[in-house]
Amino acid sequence: MHTGQHVPKVSLPTVNGTQFSNDVLEGKKYLLSFFPFASCPLGHLYLEKLTKLKEEMGSRVQVVAVFESELDHLRKQSRKHMQVFPIVADEFRVYYHLFGVKKSWRGFFTAFFRRFKSVVSGIAHGYFPVELSRRMLSMPLAVLIDEKGDIITMYHGKDEGDHMPVEQVRRFFDA
């Protein structure tokens, strides 16, 4: 996938037991945000920021949080979040592959050392990285999609804590 393409249909199970389909967002702008593994402290801190943005801006902000995880594991890891938007599991990496989410050993280790304070903060917030698997190597990807369903921007994180700046997300929904 790349900028300018029409986003394909996305259909995944949610942590609240329903099936999400991006068809429900037809005619709306939204952020499709791919996160590293389900217990990633940096991913959950970013999810908290997106939740605050949604609370501030209301219905203008539409976010879909995609995690490479088994659904039951993701449910346990996302309990701390008020679910103001869909949190979905892509256990078999179908959409991770389709959207070109990158994996990187370097990005994993860079985040740990470069963002050590944030990792510790995430752990202090209760997001302890309990998973040891290749899923830890997935880098964040943010996809901004317009009302017509076209991809406006794709932000590929260089390490696990390199998410699209919240201010950029805010500007997208303000425009």
- Message: It is to be established whether one or more residues within the stretch 96-106 are modelled with pLDDT of 90 or more, part of a helix (DSSP H, G or I) and of a type outside the set (A, V, I, L, M, F, W, C).
- Response: yes
- Within the set of pairs 6 or more residues apart or between chains, which connect a residue that is within 18 Å of His163 (Cβ to Cβ) inside the stretch 107-135 to a residue that is at pLDDT 70 or above and open to solvent by 40 Å² or more (accessible area, probe 1.4 Å) with Cβ atoms less than 7 Å apart? Gly107/Lys158; Val119/Phe112
- Message: Out of everything in the stretch 20-45 that is polar (S, T, N, Q) and assigned to a strand (DSSP E or B), what residue ends up being nearest to Leu137 (Cα to Cα)?
- Response: Ser33
- Query: Consider Thr51 against the criteria (1) without any contact (Cβ under 8 Å) to a residue 40 or more places away in the chain; (2) under 17 Å from Tyr155 (Cβ atoms): it satisfies all of them except one. Which criterion is unmet?
  - Reply: (2)
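The values are calculated or read from the model by the stated rules, or taken from the named source; none is laboratory data. Everything numeric here is computed off the predicted structure, so don't read it as measured data. Cβ atoms come from the backbone with ideal geometry, glycine included; neighbour counts cover every protein chain shown. Calculation scope for accessible area: heavy atoms of the full protein, side chains included, ligands and nucleic acids excluded. Shrake-Rupley method; radii C 1.70, N 1.55, O 1.52, S 1.80 Å.
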